1. Please work out if Val153 is closer than 26 Å to Gln47 by Cβ and modelled with pLDDT under 90.
2. Return the pair list, or none, for Cβ contacts closer than 6 Å from residues in the range 1-21 that are farther than 19 Å from Glu38 by Cβ to residues that are among the β-branched types (Val, Ile, Thr), at least 6 apart or on different chains.
3. Does the range 74-82 contain at least one residue that is at pLDDT below 95 and assigned to a helix (DSSP H, G or I)?
4. Take the range 98-139 and flag every residue that is part of a loop (DSSP other than H, G, I, E, B), modelled with pLDDT of 65 or more, in contact with a helix residue (DSSP H, G or I) (Cβ under 8 Å, 6 or more places away or on another chain) and of a type in the set (D, E, K, R).
5. Do the conditions hold for Arg41, that is, is it over 27 Å from Gln19 (Cβ atoms) and not hydrophobic (A, V, I, L, M, F, W, C)?
6. In the list Pro63, Pro68, Pro48, which residue meets the criterion of being out of contact with any helix residue (DSSP H, G or I) (no Cβ under 7 Å at 6 or more places or on another chain), at pLDDT 90 or above, closer than 23 Å to Leu10 by Cβ and not in a helix (DSSP H, G or I)?
7. Sort out which residues of the range 66-91 are under 21 Å from His35 (Cα atoms) and touching a residue at least 40 places away in the same chain (Cβ under 8 Å), and write them in order of number.
8. Considering the range 11-59 alone, what residues qualify as being of a type in the set (Gly, Ala, Ser) and either within 21 Å of Thr95 (Cβ to Cβ) or surrounded by 13 or more Cβ atoms within 10 Å (Cβ to Cβ) (or both)?
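The values are calculated or read from the model by the stated rules, or taken from the named source; none is laboratory data. Note that the structure is predicted; figures quoted are calculated from it, not measured. When we count neighbours, we look across all protein chains shown, and the Cβ atoms used for this are built from the backbone with ideal geometry, even at glycine.
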Amino acid sequence: MSLTVRKRCLFDLKEIGYQVGAGLMVGAPAQRLEHLVEDIRFLQELQPDMIGIGPYLRHADTPFRDFPNGSMLLTLRLLAILRLIFPYALIPSTTALGTIDPKGRELGLKAGANVVMPNLSPADVRDQYSLYDNKLSTGEESAQSLDLLRAQVQAAGYRIVTDIGDVKR
């Protein structure tokens, strides 16, 4: 599907009442700053309810395996900018941030993220869903260790709520 059609689908879903999300990956191979600016301008046009942002992380089984990971610092800066532009939006502090740095998800929350999405996949099947190398897949993001996740979120100065995640504009 072309990028134009994919974008049109987001606007169509929004028009008929769905809450929509969009986002960007930071540091993907061949990405330039101008691409990130284009992405933010598109988000401004769409006004999404959720915005996903995370660093590109390589995977050994892809053609991009030799490219460097995206920058955590640039991701955090862009996350903070997105929070200022979209004060209402649900913005996750991603597993990718937690993979790139042990305190990455806490830093994401401190930079402006307001959502943490735990990995609820059973431990015996998690390896079947491998987005990038060394994906955070045990500990604070697992359903079995919700107390660790709660402590991580509290360390960032927040508390976990389990309400329905609808955007409140």
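1. no
2. Within 6 Å, the pairs are Leu13/Val20; Lys14/Val20; Gln19/Val167.
3. no
4. Asp101 - this is the single residue of the range 98-139 that is part of a loop (DSSP other than H, G, I, E, B), modelled with pLDDT of 65 or more, in contact with a helix residue (DSSP H, G or I) (Cβ under 8 Å, 6 or more places away or on another chain) and of a type in the set (D, E, K, R).
5. No.
6. Working: Pro63 fails: closer than 23 Å to Leu10 by Cβ; Pro68 fails: closer than 23 Å to Leu10 by Cβ.
Only one candidate passes the filter, namely Pro48.
7. Across the range 66-91, the qualifying residues are Pro68, Asn69, Gly70, Ser71, Leu74, Thr75, Leu78, Ile81, Leu82, Ile85, Phe86, Ile91.
8. Answer for the range 11-59, where residues must be of a type in the set (Gly, Ala, Ser) and either within 21 Å of Thr95 (Cβ to Cβ) or surrounded by 13 or more Cβ atoms within 10 Å (Cβ to Cβ) (or both): Gly21, Ala22, Gly23, Gly27, Ala28, Gly52, Gly54.
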